[in-house]
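Asks: Handing you a structure now.
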Amino acid sequence: SIILASPSFLYLNEPSNADESRQLSDRELAVRMAYFLWSGPPDEELMRVAADRSLLDEAILLEQTERMLSHPRAKEFYEGFISQWMHLKRFHSVGLSSRFLLHYTDGYILSAKQEPVEFFKTLVEENLPSSNLIDSDFVTIDGLLAAKYGLTDHYTGDGFQKVSLPADSPRGGLITQGAFLAIGTMNNR
């Protein structure tokens, strides 16, 4: 059991000298990228690129980053980042009365909690400016949220998708999303 508690077992050890700054090796960069974007170890392709010492090339680094962000393992990054940043765990602790909020169903809760994740994913995938977090001309919603937001005419298909907002829409950005609004309530109704 002492081995399981050892810092050498729990953490990635890298050579360091606190007084010296140094450039990361390709392998160190690959490991950091994988744990940041995938919350897990690098795959064979990333380690191959690190082994041939080309990962520090700007074009290769960009190519690998885009590949990693489009991989299914990036779900951990999108969900983890926005959930921690917005404290989405608090969303479930907010007690909202269905007497006042008839739309507050299990389906709505799941959709509202997923909305900021899908919105953030859209921002990253399309390389959109961070100003969209405050105000955007689109939302990323599913059919349930399209009905709630009065956007059924603009929504087609299934699942979450980017939907352009009409010019007079009060929606756009994080602060108009259901999860954000629920987290900010006083919980007194």
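Asks: Please go through (1) surrounded by 12 or more Cβ atoms within 10 Å (Cβ to Cβ); (2) modelled with pLDDT under 90 for R99 and return the number of the only condition it doesn't satisfy.
Replies: Only one criterion is unmet by R99, namely (1).
Asks: As an exercise: evaluate H87 against (1) at pLDDT 90 or above; (2) at positive phi and give the number of the one condition it does not meet.
Replies: Tallying (1) at pLDDT 90 or above; (2) at positive phi, H87 fails exactly one: (1).
Asks: Does region 118-152 hold any residues that are outside any helix (DSSP H, G or I) and open to solvent by less than 70 Å² (accessible area, probe 1.4 Å), and which are they?
Replies: Filtering region 118-152 down to residues outside any helix (DSSP H, G or I) leaves 126-129, 134-142, 149-152.
The answer is L128, S136, F138, V139, T140, I141, D142, Y149, G150, L151.
Asks: Suppose we keep only residues that are open to solvent by less than 40 Å² (accessible area, probe 1.4 Å) and within 14 Å of A146 (Cβ to Cβ) within region 102-117. Which one would you say is modelled with the highest pLDDT?
Replies: Ranking the qualifying residues of region 102-117, first place goes to E115.
Asks: Answer with yes or no whether A34 is at pLDDT 90 or above, over 30 Å from I175 (Cα atoms), under 18 Å from the mean Cα position of the chain (by Cα) and open to solvent by less than 70 Å² (accessible area, probe 1.4 Å).
Replies: Numbers: at pLDDT 90 or above: yes; over 30 Å from I175 (Cα atoms): yes; under 18 Å from the mean Cα position of the chain (by Cα): yes; open to solvent by less than 70 Å² (accessible area, probe 1.4 Å): yes.
Yes: the conditions hold for A34.
Asks: Also: For region 112-140, which residues satisfy the criterion of being aliphatic (A, V, I, L, M) and within 12 Å of V163 (Cα to Cα)?
Replies: Kept after step one, since they are aliphatic (A, V, I, L, M), are these residues of region 112-140: 112, 117, 123-124, 128, 133-134, 139.
The one that is aliphatic (A, V, I, L, M) and within 12 Å of V163 (Cα to Cα): V139.
Asks: How many residues are of a type in the set (G, A, S) and either over 21 Å from D106 (Cβ atoms) or touching a Ser or Thr at 6+ places or on another chain (Cβ under 7 Å) (or both) when one looks only at region 144-183?
Replies: Result for region 144-183: 8.
Asks: On to the next question. Within region 157-189, track down each residue that is outside any helix (DSSP H, G or I), among the aliphatic types (A, V, I, L, M) and either modelled with pLDDT of 80 or more or open to solvent by less than 90 Å² (accessible area, probe 1.4 Å) (or both). Show your work before the answer.
Replies: Going through region 157-189, the residues outside any helix (DSSP H, G or I) turn out to be 157-173, 177, 184-189.
Filter once more, so that each one left must be among the aliphatic types (A, V, I, L, M): 163, 165, 167, 186.
Within region 157-189, V163, L165, A167 qualify.
Asks: Taking the condition of being surrounded by 14 or more Cβ atoms within 10 Å (Cβ to Cβ) and in a helix (DSSP H, G or I), how many residues in region 37-59 meet it?
Replies: 5
The values are calculated or read from the model by the stated rules, or taken from the named source; none is laboratory data. Note that this is a predicted model, so its numbers are computed, not measured. Heads up, the Cβs are rebuilt from the backbone with ideal geometry, glycines too, and the neighbour counts pull from every protein chain shown. In case anyone asks, the SASA skips ligands and DNA or RNA and just uses the protein heavy atoms, side chains included. Shrake-Rupley method; radii C 1.70, N 1.55, O 1.52, S 1.80 Å.
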